[in-house]
Ligand code: NAD
């Protein structure tokens, strides 16, 4: 009798490891939910605080330089205005989505509350590729976008500011478009303007400077001398390049910088001013003389004292969190770390200065700019920086105390602090009608 050949074992189903959810809005809601749980907020209040108050989607027809009309999609989201007008930047990027803008708006609500400035949270975005557009196309896009969202913005309602691939020039066009429509010069409708147009001294550097102030506090806590500390920075725009310059001025050693095209590495140190000059000429930091080329992924896992993500969301995830070798992560970018990565970093005893604290210097000096615009009285740069330092260091210590009280890491502590403040304001206002 033939013995039936033993059937080969069925191949195991290809198991793809459970991916983590990278949707930024769901991440923002999860971060909120954790704090709401610690604060034991009631279900109704949670619903109010985790949902955006107002969402606007607009079509933006623009005549391109070749004479053809192209229609872009733009968003403005006001997440919460319980503590004051909505506040938040405008992003131009091909990957902008409504959920990204909703997340960024929510993070603004928690950020303004963390540093305790009297704003709510908002954000705007246009799906476009500004690197492939001329300056005149960008001007027409900006003016039409602003005229579309004009009914919901204004110095008392919602005050935009720069974000990825928008700058002081963009803010000047916004101020002009709004002002021409209402019939008077409304300086307070937007912040991050050129100083010649009612912008604040120190605003351009504020995000990076605020980040520096909290890094100084974190270094004291971790007993790491900033002088000689090694720093890797992902993203070499407003936040990243200025952070590099300010840290180098404090004698920290910038060992790696990067942009969307890749990175430059030199363990003996990179001069950020030279890197900036090289980027102006070459369009990237990649290939800068005296450096070797590294990828953005490699930069994130370099052995260093301080890692500064200063580009986009979701760069520190389940996939690479275990490989991170920095002692402190200062989130100049919004949303660079996922919740799963947070857990791993906490286990590794890496101190994460969360975005809603670490990059809040920008909105803090935006608040100063708005206050100066409403007063019609302008401050000197050292006054701006002094007040910024006070606000950032106060926020750092508020977060630190909350972390100790609840035995949680800094992100959860910042959320407990911020959500608690917004919940309190919402509760005392009461529900209308
Ligand atoms: P920016 O446009 O000035 O610079 C962005 C930089 O990121 C550029 O160097 C770009 O090349 C780089 N980049 C883009 N995609 C990348 C990628 N995939 N990998 C690596 N680098 C990449 O923008 P910014 O204003 O410096 O903003 C950077 C981050 O800081 C964003 O997350 C933004 O939300 C946050 N932020 C900015 C401000 C502000 O005041 N500008 C305030 C708070 C937070």
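The values are calculated or read from the model by the stated rules, or taken from the named source; none is laboratory data. Just so we're clear, the structure is a prediction, and the values are computed from it rather than from any experiment. Positions of Cβ are generated from backbone atoms using ideal geometry, with glycine treated the same way; all protein chains shown enter the neighbour counts.
Side notes on the structure shown:
- Filter pass, residue 333 being crowded, with 20+ Cβ neighbours inside 10 Å, out of contact with any helix residue (DSSP H, G or I) (no Cβ under 7 Å at 6 or more places or on another chain) and in the same structural domain as residue 225 (by TED's automatic domain parsing): no
- The numbered conditions (1) in contact (Cβ under 8 Å) with a residue 40 or more places away in the chain; (2) out of contact with any strand residue (DSSP E or B) (no Cβ under 6 Å at 6 or more places or on another chain); (3) within 8 Å of the ligand (Cβ to nearest atom) are all true for residue 332 except (2).
- From the list 161, 243, 208, the one residue that fits, being crowded, with 22+ Cβ neighbours inside 10 Å, in a strand (DSSP E or B), within 16 Å of the ligand (Cβ to nearest atom) and in contact (Cβ under 8 Å) with a residue 24 or more places away in the chain, is 161.
- If the condition is being more than 20 Å from residue 112 (Cβ to Cβ) and within 13 Å of the ligand (Cβ to nearest atom), then the stretch 164-194 contributes 165, 167, 168, 169, 170.
- Residue check, residue 253 in contact with a helix residue (DSSP H, G or I) (Cβ under 9 Å, 6 or more places away or on another chain) and farther than 27 Å from residue 167 by Cβ: yes
- Complete set of residues in the stretch 269-284 that are touching a strand residue (DSSP E or B) at 6+ places or on another chain (Cβ under 8 Å), in a loop (DSSP other than H, G, I, E, B) and under 16 Å from residue 238 (Cα atoms): 284
- Just one of the listed residues (139, 148) is free of Cβ contacts under 8 Å to residues at least 60 places away in the same chain and surrounded by fewer than 22 Cβ atoms within 10 Å (Cβ to Cβ), namely 139.
- A count restricted to the stretch 75-94 and to residues that are more than 15 Å from the ligand (Cβ to nearest atom) and part of a loop (DSSP other than H, G, I, E, B) stands at 5.
- The residues of the stretch 181-196 that are in a loop (DSSP other than H, G, I, E, B), touching a strand residue (DSSP E or B) at 6+ places or on another chain (Cβ under 7 Å) and at negative phi, listed by number, are 190, 191.
- Of all the listed residues (289, 272), the sole one being free of Cβ contacts under 8 Å to residues at least 12 places away in the same chain and at negative phi is 289.
- Selection count, the stretch 314-323, where residues are within 16 Å of the ligand (Cβ to nearest atom) and crowded, with 20+ Cβ neighbours inside 10 Å: 2
- With respect to the conditions (1) crowded, with 18+ Cβ neighbours inside 10 Å; (2) touching a strand residue (DSSP E or B) at 6+ places or on another chain (Cβ under 7 Å), residue 178 falls short on a single one, namely (2).
- Residue among 126, 71 that alone is modelled with pLDDT of 95 or more, within 16 Å of the ligand (Cβ to nearest atom) and touching a strand residue (DSSP E or B) at 6+ places or on another chain (Cβ under 7 Å): 126
- Every listed requirement among (1) more than 10 Å from the ligand (Cβ to nearest atom); (2) under 20 Å from residue 87 (Cα atoms); (3) touching a residue at least 60 places away in the same chain (Cβ under 8 Å) is met by residue 221 save one, (2).
- Residue list for the stretch 293-306, restricted to those being within 13 Å of the ligand (Cβ to nearest atom) and either under 20 Å from residue 357 (Cβ atoms) or in contact with a strand residue (DSSP E or B) (Cβ under 8 Å, 6 or more places away or on another chain) (or both): 294, 295, 296, 298, 299, 300
- Residues being closer than 24 Å to residue 262 by Cα and part of a loop (DSSP other than H, G, I, E, B) - total across the stretch 211-235: 2
- Selected residue (only one of 226, 197 is more than 14 Å from the ligand (Cβ to nearest atom) and not assigned by TED's automatic domain parsing to the domain that holds residue 348): 197
- Total residues in the stretch 346-358, condition touching a residue at least 40 places away in the same chain (Cβ under 8 Å), more than 16 Å from the ligand (Cβ to nearest atom) and surrounded by 19 or more Cβ atoms within 10 Å (Cβ to Cβ): 1
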